[in-house]
Amino acid sequence: MTLDISTAPIASDTTDHAPPAAGRKARASFDLSASLVVFLIAVPFSLGIALATGAPLTAGLIGAAVGGIVVGLLGGTSLQVSGPSAALTVVTAGLISQYGWQATCAITLAAGLLQLLLGARGLARTALAVSPAVVHGMLAGVGLAIAIAQLHVVLGGSPQSSALANLIALPGQLAGPHLPAVMVGALAIGILCGWPRLGRLPGRAGELGTRLARIPGPLVAITAATALSMGLSLRLARVEIPAWQPQSLPALPHGPVVGLLAAVLTVTAVASVESLLSAVAVDRMSNRSGDLDRELRGQGLANMVSGLLGGLPVAGGAVRSTANVRAGARTRWSSVLHGVWVLLAAVALTGGLRRIPLAALAALVLVVGLQMVSFAHIRKVHQHREFPVYLATVLGVVLLGVLPGVALGAAIAVLLALHRLTRAHVDVTAAPDGSFAVRTHGPLTFAAVPRLSRALGAIPPAARVTVCHDGSFLDHAAYEALHSWRGGHEAGGGTVLMVTERQADEVLDPDGAVRSGSSAGPHRCRAWTPWVGHHCIEQQEDPHGRLLDGVRVFQQHTAPLVRPELARLAREGQTPSELFLTCADSRLVTSMITNSGPGDLFTVRNVGNLVPAPYEPGAADDSVAAAVQYAVEALEVRSITICGHSGCGAMKALLDGVHERPGPPTALTRWLRNGRGSLDRLRRAPAGFAARPTTDLVEELCLTNVVQQLDQLLANPAVERRVEEGSLRLVGMYFDFATAQAYVLDRRSGLFSPVTEHDTTPLRTAA
């Protein structure tokens, strides 16, 4: 986001940045408003989950409060909001019917302890190894089971003990519905489905609908359904919230040890997988990088506390977390505050909550269950040819239960993977010149040897053959078959050239003939491939030789593509619109992070992206000032960006006091003195510019240094004049290597905000 600087007054010695205190206040206000939004969603949702499981309704509120406070404080994903999980509804309902409520609390406590141990062992990422088709199928199956069960409540009845029993009993329930319950449930469902679409109405109605849609739909639906039932004095079953009592505490369950162990493992697996997948999604949504092991430990502690206090099992939830991010949350305190509000509501609002009809809560959970069946996920699974895994998991969860359904889906996934390992394609193409090209696709295992041998055996003796393998797995049996054929073919007077898929385009013509004089060189990178392709260069002891390899590839592949544009620039001269001043660090590739090409940026690089103050004795450097002046006056750039980065060595040296060490100063120590202003600014006002939690003091100084250098840039008379005219913008940027994420300094908030792939708003100037 950017703002034209011409409208803002500019002091002669500083830019108009928001002070650190203002940044903290801005974050606090965002977190407070976001916590209220999530609270309004969490209360009816938690009550509905408790109703669906058959647990005491207070258990839902306890789980929401514990999930918000404990995971909010200790979790590894700062913007994730945890609470009672819809994915655990069927599991919890089965445990309550089999072991009772107090034993279920003990199972929740044990599952939390197991989560804590798994997180402590650093095993969080192993949960992400589960096939996405199995995960999405599990969620869809749970959603269908929930919806079928809650449909009975909306119709005025009671759910059965299993999804299959609910399906069998559904025709009888439809034959004799309770009309008041149906009326209330239909109203709640209609509001839940229509509320997000209010902004699509035409004209002023759409503008009003957009404002109304900011109010959480679940809150509106429950409020409207309650008002209807009270206004018409309908006789309905309503929420019963008893006072929390000591007998709600967990008790040791009775039953076979194997069954209890399976119950603990089921709760652990479902809660962990859902929490970790949700954490990854939230991190992507908010452009952050969380700690999954810490998140798993936080979830474990929350489940231990929730089970101990008589609450439902807790997991990170996509509904609450998405609402938290979209409401503008900045830190983990939004989740913590939401838990505090839920706790206060459980104590102070029990009278109002007791008026809510059960049919309204059931309608809410029914809609949530149906939303867990995502058609976008079905399309994606179908594109990856894993729909059989998805369908098997859905049917298994609905008919057999969560754990058997997941096991069935995982077994189908393994069988499908084994089937694909045996399916390799071997294509033989004859060229007009009599040569042959053999292309293999997929893993070549022992199962593919007969097909491979038949294809190779059909090639005439003494023919010139190029064998291209796509780089997939090649086992010993296939290797022996291929090389045995090669030896025999060459012994009969033929020639065989073996290349990889990358080399094939260099070696083969479009018609499959071998190019004359072609050979596979050591450099496998193709023109305009992603930068990561440089890892395919064979390591050489001589770095100069490696550099020349890259130059040769440029001359062969890239130069013909860029030659017309470079020729134009040679004729017309450079006309960049931006001066980009950044660090000399080898990891920072300006053209890559800005997606720029020749002629776009006038770039200045130095150690620490410093802009020496022109009048500071003993530290000034005319080279940077000269480049700035040339860019501003001769090239007439319209924007200047100062870009810092994470892990800057110059900032580490400043914190270590390298520039103040006694003895004759070196060139480096003299240069680092230009960063003293950044160091002093950090000491005066630490932690003032990051919109997210920073990793360490070095990152704080890196961010502060960008702001300070923008101030020092304004000391250049040429820059100051253009800024005052309103024809030049100053932009502060920061690049984090670990997450490959760029941040831009927002003038209004004084914080570095992430640049997202969907953000089309122009960059707001920092000065």
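Given the Cα-Cα distance of Ser97 and Arg684 and 0.36 nm per residue of separation, how much length would full extension add, in nm?
Values: separation 587, 0.36 × 587 = 211.32 nm, distance 6.07 nm.
Taking 0.36 nm per residue and subtracting the Cα distance, the gain is 205.3 nm.
Under 5 Å from the amide H of Thr603 lie the amide H atoms of Phe580, each residue being 5 or more positions distant or on a separate chain, with H modelled from the backbone and absent for Pro and chain starts. Rounded if a/c is under 1.5, else prolate if a/b beats b/c, else oblate: with a ≥ b ≥ c from the C-alpha gyration tensor eigenvalues square-rooted, which is region 303-431? Prolate, because a/c is 1.5 or more and a/b exceeds b/c. Computed on the Cα trace of region 364-457, the radius of gyration divided by the Kirkwood hydrodynamic radius gives Rg/Rh = 1.24. When you count the other C-beta atoms within 10 angstrom of each residue and take the mean per peptide, 69-75, 211-217 line up highest first as 69-75, 211-217.
Normalised per residue, the accessible area of region 35-87 is 16 Å², obtained with a 1.4 Å probe and no contribution from ligands, DNA or RNA.
For region 577-676, report the accessible area per residue in Å² (1.4 Å probe, heavy atoms, rounded to an integer).
Working: 4670 Å² over 100 residues.
I get 47 Å² per residue for region 577-676.
A Förster radius of 35 Å, combined with the Cβ-Cβ distance separating Thr739 from Leu569, puts the computed FRET efficiency at roughly 0.55. Taking packing as the residue-averaged number of other Cβ atoms within 10 angstrom, the listed peptides 76-88, 576-588, 262-274 run from highest to lowest as 76-88, 262-274, 576-588.
Could you compute the net charge surrounding Arg211? Neighbours are other residues with a C-beta less than 15 Å from the C-beta of Arg211; K and R count +1, D and E count -1.
Values: positive: Arg197, Arg200, Arg204, Arg214; negative: Glu207.
Local net charge: +3.
In whole angstrom, region 591-677 maps to an equivalent ellipsoid with semi-axes of 27, 17, 9, each derived as √(5λ) from the alpha carbon gyration tensor and ordered largest first.
Could you grab the relative contact order for region 676-731? Cα pairs under 8 Å, six or more apart, rounded to a whole percent.
31
Here region 102-247 is assigned +1 on the Cβ of each Lys and Arg and -1 on the Cβ of each Asp and Glu. Its dipole about the Cα centre then comes out at about 420 debye. Most tightly packed first, judged by the mean number of other beta-carbon atoms within 10 Å of their residues, the peptides 428-440, 384-396, 305-317, 449-461 read 305-317, 384-396, 428-440, 449-461.
The alpha carbons of region 51-140 give a radius of gyration and a Dmax of 14.3, 36 Å, in that order. Taking all Cα pairs closer than 8 Å and separated by 6 or more residues, the relative contact order of region 389-453 comes to 23 percent.
Relative contact order, whole percent, for region 166-238 stands at 33, derived from Cα pairs under 8 Å and 6 or more residues apart.
The values are calculated or read from the model by the stated rules, or taken from the named source; none is laboratory data. Keep in mind that what you see is a predicted model, and the values were worked out from it rather than measured. All Cβ positions, glycine included, derive from the backbone under ideal geometry; neighbour counts span all protein chains shown. When the accessible area is computed, the model is the full protein with side chains, heavy atoms only, and any ligands, DNA or RNA have been set aside. Shrake-Rupley method; radii C 1.70, N 1.55, O 1.52, S 1.80 Å.
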